[in-house]
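Inspection log for the structure reproduced underneath, given as structure tokens.
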Amino acid sequence: MEGKTVKDSAIETVQIMTPQDVNLAGNIFGGALMKLIDSAAGAVAMRHVRGNAVTASMDRLDFLCPLYPGDLVKLKASLNHVGTTSMLIGVRVEKEGILSDKIEHAASAYLTFVALDNQGKPTRVPPLILETEEEKRRNREAIARRDQILQARREKKQNAAQA
Ligand SMILES: CC(C)(COP(=O)(O)OP(=O)(O)OC[C@H]1O[C@@H](n2cnc3c(N)ncnc32)[C@H](O)[C@@H]1OP(=O)(O)O)[C@@H](O)C(=O)NCCC(=O)NCCS
């Protein structure tokens, strides 16, 4: 299977936050941003495989500053690593006030997607070609995060079996 570069599937989207997604304090719900993050990561996964892919896990999500209606939200999503059938995707969210050009880092998220064939079974994904030093650093960090998650999952299974 032919490899694809990170650039081949990376996306950037811009969205304006609206009053329908606010909580009682006037902030945008975390869940509204999670949906945008999941959609952006899903678009990256499906562009890489040019087929179906589903969210297997949201591995980490940090909200770094509040969002309000009228804020412009830019999502930058790209592949950090691919396994056999899985894809590890990072999403950086930036906030830009509509009345100023100040840009803040609003959130970061890491998700795992799995490619599915026509029968809904996990299927192989194209290899990922890493071109830049930044892509290689993100790849190393994604592998370390994945190893930690797999280790935690193994320990949980062992503990459940012993209980
Ligand atoms: C994700 C899913 C396809 C995995 O199916 P599975 O039969 O458990 O798959 P496997 O055990 O063969 O693992 C396939 C790959 O997924 C990865 N994976 C499975 N579960 C995972 C999880 N919870 N988190 C991260 N990665 C996971 C495995 O590490 C493996 O990666 P690799 O092929 O690159 O080594 C299945 O659990 C599923 O369909 N989940 C629901 C997905 C969904 O509907 N998402 C939207 C929620 S509304």
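The values are calculated or read from the model by the stated rules, or taken from the named source; none is laboratory data. Note that the coordinates shown come from a computational prediction; the quantities given were computed from them, not determined experimentally. We place every Cβ from the backbone using ideal geometry, glycine too, and count neighbours over all the protein chains shown. For accessibility, only protein heavy atoms count, side chains too; no ligands or nucleic acids. Shrake-Rupley method; radii C 1.70, N 1.55, O 1.52, S 1.80 Å.
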**OP:** Please verify whether region 49-68 includes one or more residues that are near the ligand (Cβ under 10 Å from one of its atoms), more than 21 Å from residue 15 (Cα to Cα), of a type in the set (Val, Ile, Thr) and in a strand (DSSP E or B).
**Re:** yes
**OP:** Quick one: count up the residues across region 70-79 that are open to solvent by 10 Å² or more (accessible area, probe 1.4 Å) and either within 7 Å of the ligand (Cβ to nearest atom) or under 20 Å from residue 7 (Cβ atoms) (or both).
**Re:** 3
Original post:
Would region 19-41 turn up any residue that is away from the ligand (no atom under 16 Å from the Cβ) and either touching a Lys or Arg at 6+ places or on another chain (Cβ under 7 Å) or assigned to a strand (DSSP E or B) (or both)?
Top reply: yes
Original post:
Among the listed residues 15, 20, which satisfies the condition of being open to solvent by 30 Å² or more (accessible area, probe 1.4 Å) and closer than 21 Å to residue 103 by Cα?
Top reply: 15
**OP:** Exactly one condition in (1) under 16 Å from residue 14 (Cα atoms); (2) more than 16 Å from the ligand (Cβ to nearest atom); (3) crowded, with 16+ Cβ neighbours inside 10 Å; (4) not hydroxyl-bearing (Ser, Thr, Tyr) is not met by residue 91; state its number.
**Re:** (2)
Original post:
What are the residues in region 111-145 that are basic (Lys, Arg) and open to solvent by less than 80 Å² (accessible area, probe 1.4 Å), if any?
Top reply: 136, 145
Subject >> Hits in region 121-163 (condition: within 11 Å of the ligand (Cβ to nearest atom) and either touching a His at 6+ places or on another chain (Cβ under 9 Å) or touching a residue at least 24 places away in the same chain (Cβ under 8 Å) (or both)) >> reply: 122, 123, 124, 125, 145, 146, 149
**OP:** Starting from region 47-59, keep only residues that are open to solvent by 70 Å² or more (accessible area, probe 1.4 Å), then list their pairs with residues that are at pLDDT 95 or above and within 12 Å of the ligand (Cβ to nearest atom) whose Cβ atoms are within a distance under 6 Å, requiring at least 6 positions of separation or different chains.
**Re:** 52/116
